[in-house]
Amino acid sequence: MDRQERFLETDRLQTLIDVLTDAGYQVVGPTIEQEAIIYDEITSVDDLPRGWTETQEPGQYRLQQRDDEAYFGYTVGPHSWKQFLFPPVATVATAERTDSGWEMRTPDEPPPQYAFLGVRACEIAAIEVQDRTFLHGPYVDPIYRDRRDRALIIAVNCTQAASTCFCTSMNTGPRCRSGFDLALTETADGFVVEAGSDAGGRILEQLPTREPEATDLTAAETARQQAVDQITRRMDTTDIRNLLLDNLQHPRWDEVATRCLSCTNCTMVCPTCFCSSVKEVSDLKGDEITRERQWDSCFNFDFSYMNGGVVRNDIRSRYRQWLTHKLASWHDQFDVSGCVGCGRCISWCPVGIDLTEEVAAIRADAHQPEEQP
């Protein structure tokens, strides 16, 4: 479709939420809870973190008031959209004891119809990575598929970056180029709105917008460029697959293991990690059993249990598994990196481990494999 651009005044933003709600969507967007910007259901612009931003460093996240009233003047917090498309706990089957035996059922309730408001470019990239995992392989995940098919994505272009962001190294941002239904760029006076799909175009037609003036478009471009200029963290991805897989015995793995707590924080906040386990939960009488899929992590000790023993029984091997899978063997499986450069794993690591720093350390003293004759 042809891209449309319109301008929505700041005091008309509530109309967007109302239109989405009237169309049957459950609007999910950024809001403040427990001193962090998280994603939850919103019904009003008053739910948005207007006038708030955050400062982020390795192992540090703090809310901070802005000197303006921007609605989307933050980067990313501990939540990702993964929790709505690939929920932390999902029922995959139930069994009930009846007079004629066990009756097995699979859930048939329709999934929620979400409208995600405030999706960043790196997060769109993360959703596309999970699409490859759950939709485009030999096996399709029906829970993910049904939720994904019904979701509407309202993106917001970044106008500032955190010190932990490195999306430019991963070619995932900070501007949204595709994968959205609508994309907003916030300026001092309102929002330049771009439709990216037919569904987005229909929503845009219902909003009280006007043709953007040249000053509106210039202000939007300046705001987007500000985010680009603020990104200083880099990760050299040149031949990164072979770099990591050819250096599995590098001493840096031992060094990072002395700091890593194997707490799973990095995998929980990561927007692409998809490790899970399946457990069966019984009622007290044993007459009803629910089979649940639950988020898991390759940092958990028992995650690699097989054939009577744990394969990765030390932190060194678990951290190495996570990083090499994320940045190396993910390419083999899905033909794409498992990292989108959002920086969440850096900010929310309790001891401030920075994966860009780990890759740089290995690259600086990498083993060079001998050429085969």
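List of remarks:
- Residue satisfying condition, being of a type in the set (Gly, Ala, Ser) and part of a helix (DSSP H, G or I), within set 163, 169: 169
- Count of residues meeting criterion [part of a loop (DSSP other than H, G, I, E, B) and among the aliphatic types (A, V, I, L, M)] in region 269-284: 1
- Every residue from region 39-62 that is within 22 Å of residue 166 (Cβ to Cβ) and either in a loop (DSSP other than H, G, I, E, B) or free of Cβ contacts under 8 Å to residues at least 60 places away in the same chain (or both): 58, 59, 62
- Of the criteria (1) touching a residue at least 60 places away in the same chain (Cβ under 8 Å); (2) loosely packed, with under 14 Cβ neighbours inside 10 Å; (3) touching a Ser or Thr at 6+ places or on another chain (Cβ under 7 Å); (4) not acidic (Asp, Glu), which one residue 6 fails: (2)
- Within region 336-352, the set of residues being surrounded by 20 or more Cβ atoms within 10 Å (Cβ to Cβ) and in a loop (DSSP other than H, G, I, E, B) comprises 337, 338, 339, 340, 341, 342, 343, 348, 349.
- Here residue 358 clears all of (1) at pLDDT below 95; (2) crowded, with 20+ Cβ neighbours inside 10 Å except the condition numbered (1).
- The C-beta contact set for region 127-151 (first residue under 19 Å from residue 115 (Cβ atoms), second residue in a helix (DSSP H, G or I) and at pLDDT below 95, distance under 9 angstrom, 6+ apart or interchain) comprises 144/133.
- Counted residues, region 1-34 - those being assigned to a strand (DSSP E or B), more than 20 Å from the chain's Cα centre (by Cα) and either modelled with pLDDT under 95 or among the β-branched types (Val, Ile, Thr) (or both): 2
- Hits in region 63-79 - residues which are under 22 Å from residue 228 (Cβ atoms) and assigned to a loop (DSSP other than H, G, I, E, B): 66, 67, 68, 70, 71, 72, 73, 74, 75, 76, 77
- When 179, 118 are checked against the criterion of being at pLDDT 95 or above, surrounded by fewer than 20 Cβ atoms within 10 Å (Cβ to Cβ) and under 16 Å from the mean Cα position of the chain (by Cα), a single residue qualifies: 179.
For every residue, the table says whether it meets (1) surrounded by 14 or more Cβ atoms within 10 Å (Cβ to Cβ); (2) not in a strand (DSSP E or B).
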site: 286; (1), (2): no, yes
site: 293; (1), (2): yes, no
site: 297; (1), (2): yes, yes
site: 302; (1), (2): no, yes
site: 313; (1), (2): no, yes
site: 319; (1), (2): yes, yes
site: 326; (1), (2): yes, yes
site: 330; (1), (2): yes, yes
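- A single member of 267, 272, 324, 290 is of a type in the set (S, T, N, Q), touching a residue at least 12 places away in the same chain (Cβ under 8 Å) and closer than 20 Å to residue 246 by Cβ, and it is 324.
- Screening the candidates 90, 36, 70 for the property of being closer than 28 Å to residue 149 by Cβ, of a type in the set (Gly, Ala, Ser) and in contact (Cβ under 8 Å) with a residue 24 or more places away in the chain yields one hit, 90.
The values are calculated or read from the model by the stated rules, or taken from the named source; none is laboratory data. None of these values were measured; they are calculated from a predicted model. When we count neighbours, we look across all protein chains shown, and the Cβ atoms used for this are built from the backbone with ideal geometry, even at glycine.
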